[in-house]
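Trainee: Below are the structure tokens for one structure; questions will follow.
The values are calculated or read from the model by the stated rules, or taken from the named source; none is laboratory data. In this text the structure is predicted, and so the values were computed from the model without any measurement. Ideal geometry is used to build each Cβ from the backbone, glycine not excepted, and the neighbour counts take in all protein chains shown. For accessibility, only protein heavy atoms count, side chains too; no ligands or nucleic acids. Shrake-Rupley method; radii C 1.70, N 1.55, O 1.52, S 1.80 Å.
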Amino acid sequence: MSKPLSRMSTAPPVTLRVLILVAASIALMLVDNRTQQLEKLRTGLHTLVYPVIFLSTIPGNLFHSFSESLQERSTLQEENERLKQENLYYKSRFEKLYALEADNERLKRLLGQSDDIAEQVLLAELVEVSLEPYTQQIVLNKGTADNVYIGQPVINGEGVIGQVVHTSYAQSIVTLLTDPDSAVPVMVMRNGLRGVMRGTGVRDRLSLPYLTPNADILVGDLLISSGMGGRFPTGYPVASITAIERNPSLEFLHIEATPVARLDHGREVLLIWPGEEEMTSKVPAVEEQGQEAMAIPEAEEGQ
Amino acid sequence: MLSVLGSFPLFLTVLIALFLTGVSLPEQFVPYWPDWIVLVLIYWGMAYPGRVSVFSGWLLGLLVDVMHGSLLGQNALALTLISYTVNVLHLRMRMSPLLQQSFFIMFLVAVHLGITAWIRGMTGVFVVTPMYWMPAIISGVIWPVLFVMLRDVRRSGMTR
């Protein structure tokens, strides 16, 4: 028992140390809750434990690839066929979109508006779902090395998923739409009515607070990102209204919605850089990422 | 004094605990996943109270915060308080039978969960369901097994 005693004499007593550390923890929490100043520290520590984090993602990935390799050949062929058809359909739509986009651009220029709707995108893969139990977060395999930034919008083929909240060199953490901390400026596609879409912490449920009872909104209305606040580009589908409760005793409507994008499906998502690149440079960026992204379908074709 | 060999098992088990904390599970298994970090911290806090104490707890908590992307300081605060409790009571804990230790472990893991829920409730919206407390029970149940395993690990690493 001489060891702890001799340590006691050199270091401050444990009660003092615990008080200092508790104070330090509280200070960290206050600063982290209010500001972004600790992101550097967070990134540094994340890089330090990255080997462990990397190892801990392996079982999940193994499980995923294992269950994928167990799929039957006929299922894969069917899927392949379906994807080919989908691809063809989207290609034709996309060509039309080019013309529309050019048209839109020209008209906007005529009107004297300068906002650029072209965006750069990058395909990222899901590494992990829900880090801390009971949070609505996902981890992506792209980080500051690919210029991912805090606040960056994340979408998938169906609509908005969420936004980046923490980044490190090779990974980033995304808060999903359904997280209670998430808020996205939206508008009703039908009439342009604006609001802010908030998460509830419950899977697949969002709320649209602060709309007065006379607001023109209906069940089934599609909400798209409004571009207010400058984070999310305009026009991506966010949610559709599932329930509206008109309680005369309350000042605001109680509106529930469900995300358009299925948040718990699929392993690939898109990171977007709103309005950074011109239309011309958008296409190569997509193709460059496409090689990585298309690796899976190509492998299936090869069978 | 501890030799370099003596501290190797310690680091290894802490790394394994961090690894197990980071493993992503299917959602239905999450409530049944023990609180590995707290278990390992308590064991080494009991075994080497002069070496694994409040600062180790704080540092580990900070790493968990970074791994989980949670508020910095949240787990650090909880693990500091847990390792302090262990540090003060380590002699009594060593003397008590494993079953009694298990109940104490359940209490300490519940403290961890409680502090986390409390802080998350203060900084945002957080709803605690009964299943939220499940890791405390599971941790207590596996404690005897883990205790024997870690004791063997510790003894195998000792030079004397």
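Trainee: Classify region A:14-116 from the C-alpha gyration tensor, please: rounded if a/c falls under 1.5, else prolate or oblate depending on whether a/b exceeds b/c. Display every interim value, and only then the final one.
Mentor: Working: a/c = 5.36, a/b = 1.44, b/c = 3.72.
The shape class here is oblate.
Trainee: Listed highest first by mean packing, meaning other Cβ atoms within 10 Å per residue, what order do A:216-222, A:198-204 come in?
Mentor: Numbers: A:216-222: 13.4, A:198-204: 17.6.
My ranking of the peptides, most packed first, is A:198-204, A:216-222.
Trainee: Around residue A:257, what is the net charge, scoring Lys/Arg as +1 and Asp/Glu as -1 over all other residues with Cβ under 15 Å from its Cβ?
Mentor: 0
Trainee: Give the long-range amide H neighbours of residue A:128: residues separated by 5 or more places, or on another chain, with amide H under 5 Å away, using H modelled in the peptide plane at 1.01 Å from N.
Mentor: Sorted by chain and number, the residues that satisfy this are A:139.
Trainee: Report the relative contact order of chain B, percent, no decimals, based on alpha-carbon pairs under 8 angstrom and at least 6 residues apart. Please list the in-between numbers first.
Mentor: Values: 174 pairs, mean separation 47.4, N = 160.
Worked out over chain B, it gives 30 percent.
Trainee: In peptide B:60-68, what is the residue-averaged number of other protein chain Cβ atoms found within 10 Å of each Cβ? Intermediate values should be presented prior to the final figure.
Mentor: On the way: counts 0, 2, 7, 6, 3, 7, 13, 10, 7.
Across the residues of B:60-68, the mean count of other-chain Cβ atoms within 10 Å is 6.
Trainee: For the ranges A:179-189, B:145-155, what's the packing order if you count other beta-carbon atoms within 10 Å of each residue, average per peptide, and put the highest first? Don't jump to the answer; show the numbers that get you there.
Mentor: Numbers: A:179-189: 20.0, B:145-155: 14.2.
Going from most to least packed, we get A:179-189, B:145-155.
Trainee: So, one more: Projecting each Cα onto the charge dipole of region A:14-116 (Lys/Arg +1, Asp/Glu -1 at the beta carbon, about the Cα centre), which of A:87, A:18, A:58 comes out farthest on the positive side?
Mentor: My answer, from the dipole projection, is A:18.
Trainee: Using the charge dipole of the protein assembly as shown (Lys, Arg: +1 at Cβ; Asp, Glu: -1 at Cβ; taken about the Cα centre), state which of A:247, A:174, A:47 has its Cα farthest towards the positive end.
Mentor: Going by the Cα projections, it comes out as A:47.
Trainee: Follow-up question, since we're still on this one. Work out how much length residue B:12 to residue B:92 would gain on full extension: take 0.36 nm times their residue separation and subtract the Cα-Cα distance, in nm to one decimal.
Mentor: Values: separation 80, 0.36 × 80 = 28.80 nm, distance 2.64 nm.
Stretched out fully, the residue B:12 to residue B:92 stretch lengthens by 26.2 nm.
Trainee: So, one more: Shielding of B:17-28 by partners, i.e. mean partner chain Cβ atoms within 10 Å per residue?
Mentor: On the way: counts 1, 6, 9, 2, 5, 12, 7, 14, 7, 3, 6, 0.
The mean count of partner-chain Cβ atoms within 10 Å per residue comes to 6.
Trainee: Accessible area lost on pairing A with B, both sides, 1.4 Å probe, Å² to nearest 100? Mind dumping the intermediate values first?
Mentor: Numbers: alone 19510 and 9100 Å², together 24790 Å².
So the buried area, both faces added, is about 3800 Å².
Trainee: Accessible area per residue of region A:14-116 at 1.4 Å probe, in Å²? Intermediate values should be presented prior to the final figure.
Mentor: Numbers: 7740 Å² over 103 residues.
Computed with neighbouring chains in place, this is 75 Å² per residue.
Trainee: Of the heavy-atom accessible surface of the protein assembly as shown (probe 1.4 angstrom), what whole percent is carbon and sulfur? Walk me through the numbers on the way to the answer.
Mentor: Numbers: 15610 of 24790 Å².
That fraction is 63 percent.
Trainee: Classify chain B as rounded, prolate or oblate from the Cα gyration tensor: take a ≥ b ≥ c as the square roots of its eigenvalues, call it rounded if a/c is under 1.5, otherwise prolate when a/b beats b/c and oblate if not. Show your work: numbers first, answer last.
Mentor: Values: a/c = 1.68, a/b = 1.53, b/c = 1.10.
Because a/c hits 1.5 or more and a/b exceeds b/c, chain B counts as prolate.
Trainee: So for each of B:39-52, B:89-102, B:61-74 I average, over its residues, the number of other beta carbons within 10 Å; can you give me the resulting order with the highest mean first? Please report the intermediate quantities before stating the final value.
Mentor: Values: B:39-52: 22.2, B:89-102: 13.4, B:61-74: 24.3.
Result, highest mean Cβ count within 10 Å first: B:61-74, B:39-52, B:89-102.
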